[in-house]
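Let me begin by presenting the structure, written as structure tokens, before commenting on it.
The values are calculated or read from the model by the stated rules, or taken from the named source; none is laboratory data. Note that the structure is a prediction, hence the values are computed from the model and not measured. Cβ coordinates were reconstructed from backbone atoms using ideal geometry, including for glycine residues, and neighbour counts include every protein chain displayed.
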């Protein structure tokens, strides 16, 4: 059969309770799948959806280091000091191209 896995997860009371516990602890679907035998990330996401565990807002956790923040700040500062882009031509067209002279809409000839 296409798409059928031989080592698929069997959901029982133990695996469902473990899923609920790990979800409540704030683990990601990938992290939960690593702890439940034969579970894939997609299986965890689907089961959590069916159990209505996804209703809660869980903010994405980012790891920040001081060096990363400093590099981002320096890049933003560098970009903010650049002069604004110039428009070429008095008609304000994109990429310096002259306006279309075609009689058909969209410039198709």
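Answer yes if at least one residue in segment 89-96 is touching a helix residue (DSSP H, G or I) at 6+ places or on another chain (Cβ under 9 Å), modelled with pLDDT under 65 and surrounded by 10 or more Cβ atoms within 10 Å (Cβ to Cβ), and no otherwise. The answer is yes, given that some residue of segment 89-96 is touching a helix residue (DSSP H, G or I) at 6+ places or on another chain (Cβ under 9 Å), modelled with pLDDT under 65 and surrounded by 10 or more Cβ atoms within 10 Å (Cβ to Cβ). Of the residues making up segment 1-35, those that are assigned to a loop (DSSP other than H, G, I, E, B) and either exposed (fewer than 15 other Cβ atoms within 10 Å of the Cβ) or at pLDDT 95 or above (or both) are 1, 2, 3, 4, 5, 6, 7, 8, 10, 12, 25, 26.
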